[in-house]
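Trainee: Provided herewith is a single structure, encoded as structure tokens, for subsequent inquiry.
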Amino acid sequence: MCPIGIFDSGYGGLTILHGIRQLLPEYDYLYLGDNARTPYGTRSFDVVYEFTRQAVVKLFELGCQLVILGCNTASAKALRSIQEIDLPRIDPERRVLGVIRPTAEVIGTLTRTRHVGVLATEGTIRSESYNLEIQKLWPDIQVSGVACPFWVPLVEYNEADSPGADYFVKKRIDQIMRLDPEIDAIILGCTHYPLLMPKILKYLPQGVRVVPQGEYVAESLQRYFERHPQMEQRISRGGTVRYLTTENPERFEEQARVFLHEPVSVEKVTLETER
């Protein structure tokens, strides 16, 4: 078994897994959620890097040749260090990819005004990773970002459909539109946020497009395999998914139903702290 590994600090990466499986159902997948140490959004660069590195090593040990960081914070704070420092030492033939660049690649085709908003965790906004990646590819686009600190708990505590969620969603949408009224596309820079989509659409001004990541990450992975057939040939094809968590498997199974709308079976694992 050589599955595609997908890592997230918690449950949000399940939206990335779902998007990839919709487009590429034939491959095997291994999902790992570091639920014992979530959230990553407020943690330092060094801590996020270390936690993410441990998860990548675990997925490599379990046979993954390719790992996708389905977590925006991990992609922002750890991806480059893992690619440049760890991969040459661990195995130069394996690959680790993130979720920020695929969205940056496509955003220039989705905005007419060339003004784009990013709603994400505090860590992702502070890193300015979206600003940097978008401006590399589309230097004419102006990017404005707003952190949404309460959005992840709303999803994880099953409050996404509650009346109380309206206040927090409307507050951040109003904030980003005040920051730049010319925005016509908003990137949901956290994989939990698509579960708030009904409320996001309720409060977005008419004509502003929402850009969730799942489908664009999936399309980017498909293109990656076309460019790198040697990697694609190393991935096993059984259409299976295995789920791992660092915390309570029962809670993960319960939450996964919210994200995937299907029952799953989950195993508990421990991440090693030593290099």
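Trainee: I'd like the orientation of helix 45-61 relative to the chain: the angle between its Cα long axis and the longest Cα principal axis, in ° from 0 to 90, rounded to 10.
Mentor: 40 degrees
Trainee: I'd like the orientation of helix 214-227 relative to the chain: the angle between its Cα long axis and the longest Cα principal axis, in ° from 0 to 90, rounded to 10.
Mentor: For helix 214-227, the angle is close to 50 degrees.
Trainee: Pull out the extension gain between Glu61 and Val269, defined as 0.36 nm times the separation in residues minus the alpha carbon to alpha carbon distance; nm, one decimal.
Mentor: Between Glu61 and Val269, full extension yields 73.7 nm more.
Trainee: Checking the cross-link filter: which lysines have an alpha carbon closer than 18 Å to that of Lys170, excluding same-chain neighbours under 8 positions apart?
Mentor: Cα-Cα hits under 18 Å: Lys199, Lys202.
Trainee: Okay, next question. Quick check on the stretch 1-92: take the gyration tensor over C-alpha atoms, sort the square-rooted eigenvalues as a ≥ b ≥ c, and tell me if it's rounded (a/c under 1.5), prolate or oblate.
Mentor: oblate
Trainee: Name the shape class, rounded, prolate or oblate, that the alpha-carbon gyration tensor gives for the chain, where a ≥ b ≥ c are the square roots of its eigenvalues, rounded holds for a/c under 1.5, and otherwise prolate holds if a/b is larger than b/c and oblate otherwise.
Mentor: Values: a/c = 1.63, a/b = 1.34, b/c = 1.22.
Because a/c hits 1.5 or more and a/b exceeds b/c, the chain counts as prolate.
Trainee: Then there is this: Consider just the alpha-carbon atoms of the stretch 114-270 and return their Rg together with their Dmax, both in angstrom.
Mentor: According to the Cα coordinates of the stretch 114-270, Rg and Dmax are 18.0, 50 Å.
Trainee: OK, next. So how much slack lies between Glu226 and Glu93, counting 0.36 nm per residue of separation and subtracting their Cα-Cα distance, in nm?
Mentor: 46.2 nm
Trainee: Hey, another quick one. Assuming 0.36 nm per residue, please report the length gained on full extension of the stretch Leu201 to Asp161 beyond their Cα-Cα distance.
Mentor: Additional length available on full extension: 13.1 nm.
Trainee: If you don't mind, another one. In square angstrom, what is the accessible area per residue of the chain with a 1.4 angstrom probe?
Mentor: Details: 12160 Å² over 275 residues.
Ligands and nucleic acids excluded, the figure is 44 Å² per residue.
Trainee: Hey, quick one: spin label on Leu132, modelled 7 Å out along Cα-Cβ, who in the stretch 147-166 has an amide N within reach, i.e. under 12 Å?
Mentor: None, by backbone N distance to the label point.
Trainee: Same structure, new question: Could you work out how far apart the two model spin labels at Ser236 and Thr42 are, taking each label as a point 7 Å from the Cα in the direction of the beta carbon, and quote it in nm?
Mentor: 4.0 nm
Trainee: Also, I was wondering about something else. First compute the accessible area of the chain with a 1.4 Å probe, then give the percent of it belonging to carbon and sulfur atoms.
Mentor: Of the solvent-accessible surface of the chain, carbon and sulfur hold 50 percent.
Trainee: Could I ask something else about it? Run the simple label-point estimate for Met1 and Leu23 please: 7 Å along Cα→C-beta, distance reported in nm.
Mentor: Once both label points are built, they end up 2.5 nm from each other.
Trainee: Search the structure for amide H atoms under 5 Å from the amide H of Leu97, placed 1.01 Å from N in the peptide plane, and list their residues when 5 or more places away or on another chain.
Mentor: Val67, Ile68, Leu69
The values are calculated or read from the model by the stated rules, or taken from the named source; none is laboratory data. Just so it is clear, the model here is predicted, and its values are computed rather than measured. In this analysis, Cβ positions are derived from the backbone assuming ideal geometry, glycine residues included, and neighbour counts consider all displayed protein chains. Quick note on the areas: whole protein, heavy atoms, side chains included, nothing else; ligands and nucleic acids left out. Shrake-Rupley method; radii C 1.70, N 1.55, O 1.52, S 1.80 Å.
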